[in-house]
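The values are calculated or read from the model by the stated rules, or taken from the named source; none is laboratory data. The structure displayed is predicted, hence computed values, not measured ones. Here the Cβ is made from the backbone with ideal geometry for all residues, glycine too, and neighbour counts use every protein chain on show. Each accessible area value is taken on the protein alone, full model and side chains, heavy atoms only, with ligands, DNA and RNA left out. Shrake-Rupley method; radii C 1.70, N 1.55, O 1.52, S 1.80 Å.
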Amino acid sequence: MSEERFDAIVVGAGPSGNAATYTLAQAGLKVLQLERGEYPGSKNVQGAILYANALEELIPDFRDDAPLERHIVEQRLWTMDDSSHVGMHYRSEDFNEDKPNRYTIIRAQFDKWFSSKVKEAGATVLCETTVTELVRDVRGKVIGVRTDRHGATVMADVVILAEGVNGLVGQRSGLRDIVPPDTVALAVKEMHFLPREVIESRFNIKGDEGVVIEAMGTITAGMTGTGFLYTNEESVSVGIGCIVSDFAESEVTPYGLLEAFKNHPSIKPLLEGSECKEYAAHLIPEGGYHAMPELYGDGWLVVGDAGQFVNAVHREGSNLAMTTGRIAAQTVVALHRRREPMTKANLADYRTRLDGTFVMKDLKKYRGIPGFLHRNRQVFDLYPKLFSGAMQTWFRVDGVDKRTKQKAIFNQFRGGRSMLGLVGDAVKLARAWR
Amino acid sequence: MDPKTPASRVKVEEKLFQNRYLVDAGRPHITVRPHDTPSRALRSLVHACPAGCYAENEKGQVEITADGCMECGTCRVVTAKTGEIEWNYPRGGFGVLYKFG
């Protein structure tokens, strides 16, 4: 292996690494992909929702054989206090289209399938191999990688780092800093198995229809974070995540938080009688635009979670990952065809191309949101309580007249937060959202 | 249920029991550097680690048993500034093996 030379090396076999490797191999480049897990997907964790569009750009007919669980026909957004939830549901028959927009997936299975496509395209995929460091020439240009397979090195014109949120290679090579604890979320998740008829009757769905529930409120015990519940074919993914610095500063255990969420009266009946078969934990980079590291340099590019490509507001990540992987690879292919060297100046085209996509446009649009949420905890604690209280006052018929109820609700809000505070929060949110 | 329930009351071991691991015996991928008194950051891992890998011993030092580690990297991020932890990935193929992920 040490004598072999490649056009490109991709570190990692998650969505961004697979998208990059697939694109390079399809274009006829000689590409090596290195993955530390036993198989692609064995180290990867996600909620998980697959957004069809990003994959369609790569494999238009993926629906023919990709392991998809359910297509989403209903989205629920819940604001929760300790005993209730205020929900917004959107359900549409239009989502039962020929080519659905969103699916639930099981990452270990999906990544394995994606990897089979990568291999079919002609890439060399080597698992159980951890990349330990980048190899550079005397001028500092990256020219290969060193691995933990007897310390073997492999050379290539360019290295694409698709190594995920804990990207040790890039950090240890000084390409980027370790993510600060206040810009990254820790999510824990369990897989709960139920017969498919039970899932279908509980969630009011048929066939391959699926439901997504995203939840926020007192379920995160005052921390910045959200919970979720996704229906798969014969299982339900249930999880909750909060910013790491919040966990560190509180006394809350991640598994205690998950237990409490599962036992919330609005969630518990949905999981009743299920069998848990896996417990997983994963970090999600949520710092957004301002947390983005350098994306390219002499002989290297960074894609996916390692480059902070997550839209925390819309819970999108794997689609950004696949898009950055594809675009990084297209940049490399274009340079390769023109026989131009993989220098920093030439690879800058990656950023130019990315700027034209939804990835950069969305991250830029929401650049103020992570900071807003971190500084305004009332969004996760006070407001959910106020909303629930207002609903309870409004819906409970108890002989009190409606005008008095209206006044009581208004006073609850004013008591919880000053008028100036309420208006200020609205203005700040609007400004960050713009 | 109160999420502040002490770690001992919610049995994280039972959760980890569901998972598949290939433990690299005698080669832990995470080690805590020798210390007299742990920083606040290091001590917070006793509750913040989602696998419950960290525990405080009778001398008040923080110890790790990395067998159930899910390789999330929380401990690495939390102690990045204090440098109290040496964090590596397990050797290729070892560590947690997600069936679903």
Somewhere in region A:67-81, is a residue outside any strand (DSSP E or B), over 23 Å from A:Ser235 (Cα atoms) and open to solvent by less than 10 Å² (accessible area, probe 1.4 Å)?
-> no
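Look through A:Glu278, A:Glu259, A:Glu233, A:Glu294 and report the one residue that is outside any helix (DSSP H, G or I) and either more than 21 Å from the chain's Cα centre (by Cα) or more than 13 Å from every other protein chain (Cβ to nearest Cβ) (or both).
Numbers: A:Glu278 fails: either more than 21 Å from the chain's Cα centre (by Cα) or more than 13 Å from every other protein chain (Cβ to nearest Cβ) (or both); A:Glu259 fails: outside any helix (DSSP H, G or I); A:Glu233 fails: either more than 21 Å from the chain's Cα centre (by Cα) or more than 13 Å from every other protein chain (Cβ to nearest Cβ) (or both).
Exactly one of A:Glu278, A:Glu259, A:Glu233, A:Glu294 is outside any helix (DSSP H, G or I) and either more than 21 Å from the chain's Cα centre (by Cα) or more than 13 Å from every other protein chain (Cβ to nearest Cβ) (or both), namely A:Glu294.
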Looking at region A:13-36, which of the residues that are assigned to a strand (DSSP E or B) and within 18 Å of A:Asp305 (Cα to Cα) is farthest from the other protein chains (Cβ to nearest Cβ)?
-> A:Gln33
At pLDDT 95 or above and at the interface with chain B (Cβ under 9 Å from one of its Cβ atoms): does that describe A:Ala215?
-> no
Kindly provide the set of residues from region A:175-203 that are in contact (Cβ under 8 Å) with a residue 60 or more places away in the chain and more than 12 Å from every other protein chain (Cβ to nearest Cβ), ordered by number.
-> A:Leu175, A:Arg176, A:Leu194, A:Val198, A:Arg202, A:Phe203
Which of (1) in contact with a strand residue (DSSP E or B) (Cβ under 7 Å, 6 or more places away or on another chain); (2) crowded, with 17+ Cβ neighbours inside 10 Å is the odd one out, the single condition A:Ala221 does not satisfy?
-> (1)
Cβ-Cβ under 6 Å pairs, at least 6 apart or on other chains, region A:256-285 side in the same structural domain as A:Gly239 (by TED's automatic domain parsing), far side aliphatic (A, V, I, L, M) and surrounded by fewer than 17 Cβ atoms within 10 Å (Cβ to Cβ) = A:Glu259/B:Met1; A:Ala260/B:Met1; A:Asn263/B:Met1
Qualifying residue in region A:37-46 (condition: away from chain B (no Cβ under 14 Å) and either buried (at least 24 other Cβ atoms within 10 Å of the Cβ) or in a strand (DSSP E or B) (or both)) = no
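Is one or more of the residues making up region A:389-398 hydroxyl-bearing (Ser, Thr, Tyr), without any contact (Cβ under 8 Å) to a residue 60 or more places away in the chain and under 27 Å from A:Lys428 (Cβ atoms)? Break it down stepwise before answering.
Within region A:389-398, the first condition is being hydroxyl-bearing (Ser, Thr, Tyr), and the residues that meet it are A:393.
Those still in the list that are without any contact (Cβ under 8 Å) to a residue 60 or more places away in the chain too: A:393.
When the remaining residues are screened for being under 27 Å from A:Lys428 (Cβ atoms), the result is A:393.
Yes, because at least one residue in region A:389-398 is hydroxyl-bearing (Ser, Thr, Tyr), without any contact (Cβ under 8 Å) to a residue 60 or more places away in the chain and under 27 Å from A:Lys428 (Cβ atoms).
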Looking only at region A:126-137, which residues are within 11 Å of chain B (Cβ to nearest Cβ), open to solvent by less than 20 Å² (accessible area, probe 1.4 Å) and hydrophobic (A, V, I, L, M, F, W, C)?
-> A:Val131
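How many residues are open to solvent by 30 Å² or more (accessible area, probe 1.4 Å) and within 13 Å of chain B (Cβ to nearest Cβ) when one looks only at region A:112-124?
The first filter runs over region A:112-124 and keeps only residues open to solvent by 30 Å² or more (accessible area, probe 1.4 Å), leaving A:112, A:116-117, A:119-120, A:122, A:124.
If we keep only those that are within 13 Å of chain B (Cβ to nearest Cβ) too, we end up with A:112.
Summing the residues that are open to solvent by 30 Å² or more (accessible area, probe 1.4 Å) and within 13 Å of chain B (Cβ to nearest Cβ) in region A:112-124 gives 1.
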Test each condition in (1) over 28 Å from A:Ala25 (Cβ atoms); (2) not in a helix (DSSP H, G or I) for A:Asp94 and report the one that comes out false.
-> (2)
Scan region A:99-111 and report the pairs whose first residue is within 14 Å of chain B (Cβ to nearest Cβ) and whose second residue is of a type in the set (S, T, N, Q), with Cβ atoms within less than 6 Å and a gap of 6+ or a chain change.
-> A:Thr104/A:Asn232; A:Arg107/A:Asn44; A:Arg107/A:Gln46; A:Asp111/A:Asn44
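Looking at A:Ala108, A:Ala156, which is the one that is at pLDDT 95 or above, under 30 Å from A:Pro370 (Cβ atoms) and in the same structural domain as A:Gly299 (by TED's automatic domain parsing)?
Working: A:Ala156 fails: under 30 Å from A:Pro370 (Cβ atoms).
Criteria check complete, one pass: A:Ala108.
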Selected residue (only one of A:Ala306, A:Ala329, A:Ala334 is closer than 28 Å to A:Gly170 by Cα and more than 22 Å from the chain's Cα centre (by Cα)) = A:Ala334
Considering region A:236-255 alone, what residues qualify as being in a strand (DSSP E or B), within 12 Å of chain B (Cβ to nearest Cβ) and of a type in the set (A, V, I, L, M)?
-> A:Val236, A:Ile240, A:Ile243
